[in-house]
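Novice: First, the structure itself, so that you have it in front of you.
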Amino acid sequence: MAVDKLFINARLDRSARHAITVDGGRISGLLAETERPEAREVIDLGGALVVPGFVEGHIHLDTSFYGDAWKPHKPCTNGFDVHERVTFQAQNMAAAAPMDVRARNQLDLCIGHGTTRMRSHVMVDGSVGLKSLETILRVRDEYRDLIEIQLVAFPQSGILKSPGTPELLDEAIRLGANLVGGLDPASFDRDVEKHLDVVFGTAHKHGVDVDIHLHDPGMLGLFELEQIAARTRALGMQGRVAVSHAYALGDLPADPLKKIADVLAASGVAIMTNAPGARPFPPVALLRAAGVTVFSGNDNIRDSWWPYGDGDLLNRAMMVGYRSGFYVDDELRMAFDLVTEAGAKALRLADYGLRVGARADFVTLDAEHVPQAVVAVPKGRSVYKDGRLIARDGHVIRQPT
C-alpha cells in the first residue's frame, strides 16, 4: 500500500541522507535514501538538514507589539523593577493595536521561523480579568492547524495583591488554559507560602501543570526555588513544574548552586532561560549535568520589557550558546536541544521528534549539521506541520478552506 507522503534527500544530524515517510500526519518510517516505497506524493528536500519543529517554551502572545507602531522603551527609574515594568506595560497596552491582531502577527513570525509547538503566558488577574485569555483562546483555535499552543494563566499583577485573582485563575483553567502561573511570590506578593498555596492548589484541583515566573535574585530566589521544589515533591508533580527565568541561579556561589541544582533535578522542576541581556542567568551546562531539564524560549518580543526579539528559536539557541561560552560541537548541540527536545520534555510532548510515531513536524535548514546551524542561523527554511508545508522563507502558507 502506498504511503501518504515520501520525503527524499533528507539529511539528518550526524547521519547520511534518508527518506522519511508520513502517514496520517505522523512519521511512519525513517529509511535509507535508497529505499523508495510507493507514495501518493513525493517531496524532494534537496539534501537540506532536517530537524524537529522548534518548541517555543516561553512567550507572551498578549503583550507583544510586533507589527504594531513602534513603542520606545522606557527604562526603570532605579534599576530593574518588576512592579514598574508592569505599570509601563499597562500604559502601552492601553494604546496598542487590538490584541488578536498583535497575537496573529507574533504567531506568523514564530511559525515562519520554524516553531510548531508553543507555551504562551497570558495575563489573568484583577487588572484584566479573563479578557486577554478569551482573546488568545480564540486566536489559538484559529491557528490550530498551524501550531499547538499551551496557555499559562499568568497573574502578572500578583495573586494576593490583585483582588479576585485566585478565583480568576480557577476559572481560567475551566475556560481552556492549560497551566497555572505565578510571579515572584516573595518580592511581588510578599508572601511565598500563600502565593504558592494558590498556584499549587489550583493546579492540583484541576490536574494541570505549573510554570512560575521567578525574577528574584540571590538567596531570596534560592529560598523560593527550594519551596517550589518542596511543593512539587509533596504533590507528586515531578516533571510537571517549571520555573521561568530563575535569575537567582546565575547569582549563587558554587556550593549553594550545586545543592539547589541537585534539589531541582530530584524534584523534576524544569528551568526556562532565554539568556536575557545585561544580567546573569542560569548556568545551562551545570544544571543539565546535574540532571535538570533546561529549556528556552523567546519570552518578550518587542514589548514593554525590551525592544528586541525576532521570534527565531534557532537564533535564541545561538544567543544561549554565545552567552554560555559554548564552542565545541557537543555544546552547540546542547544549545539546540534547549529549543527542541528539552523543550518537548518540559512541555510533556509525547509525540515529538524525528522518530517513527511522532507528529511529522520538521524544519529544513541550509546547514551541514546542527552545530553549523546554531552558529550560522540560516534562513530560507521550509516548515512542515503534520507533513504539510506551512511556511517557507519566513512566510506562513495557509491552505484554502
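Novice: How much of the calculated P(r) for segment 327-401 lies past 21 Å, in percent of all Cα pairs?
Specialist: So the pairs more than 21 Å apart make up 37 percent of the total in segment 327-401.
Novice: Provide the packing ranking of 314-320, 109-115, i.e. peptides ordered by the mean count of other C-beta atoms within 10 Å per residue, highest first.
Specialist: The densest-packed peptide leads the list: 109-115, 314-320.
Novice: Same structure again: In the chain, carbon and sulfur make up what percent of the accessible area (probe 1.4 Å)?
Specialist: Solvent-exposed carbon and sulfur of the chain make up 53 percent of the total.
Novice: Using 1/(1 + (r/R0)^6) with R0 = 60 angstrom and r between the beta carbons of residue 77 and residue 355, what's the FRET efficiency to the nearest 0.05?
Specialist: 0.70
Novice: Right, next: With the cut-off at 1.5 for a/c, could you classify segment 236-322 from its C-alpha gyration tensor as rounded, prolate or oblate?
Specialist: prolate
Novice: Moving on. Could you run the Karplus curve 6.51 cos²θ - 1.76 cosθ + 1.60 with θ = phi - 60° over segment 9-26 and give me ³J(HN,Hα) per residue in whole Hz, x for Gly and Pro?
Specialist: Values, residue by residue: 6, 9, 9, 9, 4, 6, 9, 6, 5, 10, 10, 10, 9, 10, 10, x, x, 10 Hz.
Novice: Rounded to the nearest 0.05, what FRET efficiency do residue 329 and residue 171 have when you use their Cβ-Cβ distance and R0 = 45 Å?
Specialist: 0.40
Novice: If you place +1 on the Cβ of every Lys and Arg, -1 on the Cβ of every Asp and Glu, and leave all else neutral, what size is the dipole of the chain about its Cα centre, to the nearest 20 Debye?
Specialist: In total the dipole reaches around 300 debye.
Novice: Once phi is turned into ³J(HN,Hα) by the Karplus curve 6.51 cos²θ - 1.76 cosθ + 1.60 with θ = phi - 60°, what whole-Hz value does each residue of segment 209-216 show in order, with x for glycine and proline?
Specialist: 8, 10, 9, 10, 6, 9, 9, 4
Novice: Find how much the distance from residue 69 to residue 141 grows on full extension, using 0.36 nm per residue of separation minus their present alpha carbon separation; answer in nm with one decimal.
Specialist: 23.3 nm
Novice: Taking amide H atoms as placed 1.01 Å from N in the peptide plane, list the residues 5 or more away in sequence, or in a different chain, whose amide H sits under 5 Å from that of residue 294.
Specialist: Amide H to amide H, under 5 Å and 5 or more residues apart or across chains, residue 294 pairs with 271.
Novice: When Lys and Arg each count +1 and Asp and Glu each count -1, what net charge do the other residues less than 11 Å away from residue 287, Cβ to Cβ, add up to?
Specialist: Within the 11 Å Cβ shell, the charges total +1.
Novice: For segment 55-146, what is the relative contact order in percent, using Cα pairs closer than 8 Å and at least 6 residues apart in sequence?
Specialist: Relative contact order, segment 55-146: 45 percent.
Novice: Kindly report the accessible area of segment 59-116 per residue (heavy atoms of protein chains, probe 1.4 Å, no ligands, DNA or RNA), in Å².
Specialist: Ligands and nucleic acids excluded, the figure is 43 Å² per residue.
Novice: I've got another one for you. Dividing the Cα convex hull volume of segment 1-136 by residue count, how many Å³ per residue is that?
Specialist: 165
Novice: Let me ask something else. Which far-off residues, 5 or more places away or on another chain, put their amide H under 5 Å from the one on residue 299, with H placed in the peptide plane?
Specialist: 58, 59
Novice: Counting only C-alpha contacts under 8 Å and six or more residues apart, can you give the relative contact order of the chain as a whole percent?
Specialist: The value is 20 percent.
Novice: Only helical DSSP H runs with n ≥ 4 go in: add -39500 (n - 2.57) per run for the chain, normalise by residue count and round the 222 nm mean residue ellipticity to 500 deg cm²/dmol.
Specialist: Result for the chain: -10500 deg cm²/dmol, rounded to the nearest 500.
Novice: Using mean Cβ contacts within 10 Å as the protection proxy, how do 379-389, 147-157, 354-364, 26-36 order, highest first?
Specialist: 147-157, 354-364, 379-389, 26-36
Novice: Label-point separation (nm) for residue 100 and residue 386, each offset 7 Å from Cα along Cα-to-Cβ?
Specialist: 2.2
Novice: Calculate the all-directions average of the projected area of the chain's alpha-carbon convex hull, and give it in nm².
Specialist: Convex hull of Cα atoms, orientation-averaged projection: 19.3 nm².
Novice: Another question about this same structure. Roll a 1.4 Å probe over the protein chains and send me the accessible area per residue for segment 360-401 in Å².
Specialist: The answer is 46 Å² per residue.
Novice: Could you give the length gained by full extension between residue 266 and residue 35, i.e. 0.36 nm per residue of separation minus their alpha carbon distance, to one decimal place?
Specialist: Gain on extension, residue 266 to residue 35, equals 78.7 nm.
Novice: Could you work out how far helix 99-113 tilts from the main Cα principal axis of the chain, as a 0 to 90 degree angle to the nearest 10?
Specialist: Helix 99-113 sits at roughly 40 degrees to that axis.
Novice: Given H placed 1.01 Å from N in the peptide plane, which residues other than close sequence neighbours of residue 242 have an amide H under 5 Å from its amide H?
Specialist: The answer is 210, 211, 212, 270.
Novice: About the Cα centre of segment 160-216, how large is the charge dipole given +1 on each Lys and Arg Cβ and -1 on each Asp and Glu Cβ? Please answer in debye to the nearest 20.
Specialist: 120
Novice: Next question. Report the one residue of 129, 196, 9 whose Cα lies farthest in the direction of the positive end of the charge dipole of the chain (charges on C-beta: Lys and Arg +1, Asp and Glu -1; origin at the Cα centre).
Specialist: The one lying farthest along the dipole's positive direction is 9.
Novice: A further question follows. Within segment 333-375, find all residues whose amide N lies under 14 Å from a label point positioned 7 Å from the Cα of residue 17 along Cα-to-beta-carbon.
Specialist: none
Novice: Just going by the charge dipole of the chain, with Lys and Arg at +1 and Asp and Glu at -1 on Cβ, which of 63, 249, 27 is farthest out on the positive end?
Specialist: It is 27.
Novice: Just to check I understand the Karplus step: with θ = phi - 60° and J = 6.51 cos²θ - 1.76 cosθ + 1.60, what whole-Hz values come out for segment 364-379, glycine and proline as x?
Specialist: Values per residue, Gly and Pro as x: 9, 10, 8, 7, 6, 7, 4, x, 5, 4, 5, 7, 8, 6, x, 9 Hz.
Novice: Go through 237-247, 1-11 and give me the packing order, highest mean Cβ count within 10 Å leading.
Specialist: With the highest mean Cβ count within 10 Å placed first, the list reads 237-247, 1-11.
Novice: Given points 7 Å out from each Cα along the Cα-Cβ axis, report the residue 368 to residue 258 separation in nanometres with one decimal.
Specialist: Between residue 368 and residue 258, the simple spin-label model gives 3.8 nm.
The values are calculated or read from the model by the stated rules, or taken from the named source; none is laboratory data. What you see is a predicted model, and the numbers here were worked out from it, not measured in a lab. A quick note on method: Cβ atoms are made from the backbone with ideal geometry, for glycine too, and the neighbour counts reach across all protein chains shown. Please note that ligands, DNA and RNA were not included when accessible areas were found on the heavy atoms of the full protein model with its side chains. Shrake-Rupley method; radii C 1.70, N 1.55, O 1.52, S 1.80 Å.
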